[in-house]
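Novice: This structure is in structure tokens; I'll ask about it shortly.
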Amino acid sequence: MDLPAENVRSMKLIFATHNQHKVEEIQSAIGNQLKIISLREAGISQEIPEPHDTLRENALEKSRTIYLLSNGEDCFSEDTGLEVDSLRGEPGVRSARYAGEPVSFSRNIDKLLANMSHSTDRNARFRTVISLILNDQEYFFEGTCNGQILAERRGVGGFGYDPVFVPDGAAKSFSEMTMEEKNLFSHRKKAADKMILFLNQKILNT
Ligand code: IMP
């Protein structure tokens, strides 16, 4: 989607995550449409809790935490889950810790493939919820990406479940794609586009 970028270029938002992969993907999705401040740049090193049963509540918890720690700066966070139909939506909100602590992308994939070893239904989706706090108001944006879970890993790039996820309409797994290719399908990119569109409209209307 082409967005009227000029209007939000001068805006700065703290991105409430310590996950460097997410920072890179959001930066690539947003481009120079607005300035993203990392937690390191904001001088915030505290762990951010995600204790809830929904992506929306976890995303809100993260943005509220950073909002308080930064003394009321505009900020946003995101929470993402992989929802597998044959596992009745698992690992979902538990995607990061599916195979327990400490968090391991590799063990999470091993557990997913083991739990799906007899599944002929390979349908799944990534779902991202962004929580934005702007001028003390809270807003949400969602992006989804439907696809299939492979029987084994393909590719070495990306993070999380990327090696076993092929989005609908693609021949490659997320791990085999460049960042630009992933952005053509990505749940995170779709949610980020909605936030940018909202910010542009908000600025035009004030
Ligand atoms: P959270 O949003 O930080 O709770 O992360 C959820 C987990 O989902 C991550 O640890 C990854 O394992 C996985 N995940 C989130 N986004 C992606 C993605 O774009 N590709 C693959 N795995 C992802």
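The numbers here are math on the coordinates, done by the rules we state, and not lab data. Note that this is a predicted model, so its numbers are computed, not measured. Cβ: placed from backbone, ideal geometry, glycine included. Neighbour counts: every protein chain shown.
Novice: On C-alpha positions alone, give me the angle between the axis of helix 55-69 and the longest principal axis of the chain, in degrees, nearest 10.
Specialist: Helix 55-69 sits at roughly 40 degrees to that axis.
Novice: Taking the 0 to 90 degree range and rounding to the nearest ten, how far is the long axis of helix 105-115 tilted relative to the main principal axis of the chain, both from C-alpha atoms?
Specialist: 50 degrees
Novice: Once the cut-off is 27 Å, how many percent of the Cα-Cα pairs in the stretch 1-129 end up in the long-distance tail?
Specialist: Cα-Cα pairs in the stretch 1-129 separated by more than 27 Å: 29 percent.
Novice: Please state the charge dipole magnitude for the stretch 44-158, taken about the Cα centre, from unit charges on C-beta atoms (+1 on K and R, -1 on D and E), reported in debye and rounded to the nearest 20.
Specialist: Dipole size: approximately 580 debye.
Novice: Provide Phe140, Phe165 in ascending order of the number of other Cβ atoms located within 10 Å of each residue's Cβ, fewest first.
Specialist: So the ranking, lowest neighbour count to highest, is Phe140, Phe165.
Novice: Which of rounded, prolate or oblate describes the stretch 57-206 when judged by the alpha-carbon gyration tensor and an a/c cut-off of 1.5?
Specialist: Prolate.
Novice: Here is a further query. For the stretch 110-154 and the stretch 17-31, write down the distance between their C-alpha centroids in whole Å.
Specialist: 17 Å
Novice: Now a separate question. In nm, to one decimal, how far is the Thr178 label point from the Thr54 one, both placed 7 Å along Cα→Cβ?
Specialist: 3.9 nm
Novice: Follow-up question, since we're still on this one. Based on the alpha-carbon gyration tensor of the stretch 74-148 and its eigenvalue square roots a ≥ b ≥ c, which shape applies: rounded if a/c is under 1.5, prolate if not and a/b is larger than b/c, or oblate?
Specialist: The shape class here is oblate.
Novice: Let me ask something else about it. Taking the beta-carbon count within 10 Å as an exposure proxy, list Glu78, Glu152, Glu176 from fewest neighbours to most.
Specialist: Arranged by neighbour count, lowest to highest, Glu78, Glu152, Glu176 become Glu152, Glu176, Glu78.
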